[in-house]
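Report on the structure given below.
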Amino acid sequence: MPGLRLYTSNRLEKLAEKLAELVSSPLASPLDKEVIVVQSRGMERWVSMQLAKRHGICANIQFPYPNHFVREVFRKVLPDLPERSPFEPAIMTWKIMKLLPTCIGRDYLKGSEGDLKRFQLSERIADTFDQYLLFRPEMIFRWERGQEDHWQAVLWKELVKETGKGHRAELGNAFFETINPSLGSLHFPGFTYRYLRLFPGLPR
């Protein structure tokens, strides 16, 4: 029966055993790849070793990060999306670095280390904005409607003006608006996956 099933445990080895059991059933096509979402390369290596330990081999498996996985799902429904989002933190950092002096006081950025400080600050802001897009999308939408005028809201509006829309919060709305009429019968050709949520305590 199709649907979402969650397996939880406070023991990683128990989750690994359940995952190994799930992937032991072959996919519809031998050319399809299993997709297991992980939050770090350390987790990817650990899961790979656990599957190899239980099955003798670990092959034909993709281990995307959550952001990449979600974007691939969006691209199945919204096919005009570029492969990479201009709102990825690594890309946003450089755009924010350019816009930052117009949105905050310049005292922090003065001196011989001003460029380094501006990059470091831009990197942290980009990461924060990325978290806002995931956990506080309504706040982002308020900023875009001009309902707040503090420096973060001003900086975000300037960023959107330069980059254009198409960030994760907006795409999430477009995604659900698109699939809502056919919810329950939507099929992603060639995109079979199993999702295992592992606890983040594994050493890197």
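Every number in this text was worked out from the coordinates using simple rules, so none of it is lab data. Remember, predicted model here, so these are calculated numbers, not experimental data. Cβ: placed from backbone, ideal geometry, glycine included. Neighbour counts: every protein chain shown.
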Original post:
Taking the Cα-to-Cβ direction at A52 and at T163 and moving 7 Å from each Cα, how far apart do the two end points lie in nm?
Top reply: 3.7 nm
Subject >> For segment 19-159, radius of gyration divided by Kirkwood radius, i.e. Rg to Rh on alpha-carbons >> reply: 1.12
Original post:
What are the residues whose amide H is under 5 Å from the amide H of I61, where those residues sit 5 or more places off or on another chain and H is modelled from the backbone?
Top reply: none
**OP:** Using R₀ = 45 Å, calculate the FRET efficiency as 1/(1 + (r/R₀)^6) where r is the Cβ-Cβ separation of S24 and D127; round to 0.05.
**Re:** 0.75
**OP:** Compute the whole-percent fraction of alpha carbon pairs in segment 1-100 spaced more than 18 Å apart.
**Re:** 62 percent
Subject >> FRET efficiency for N10 and I61, using Cβ-Cβ distance with R0 set to 25 Å, rounded to 0.05 >> reply: 0.50
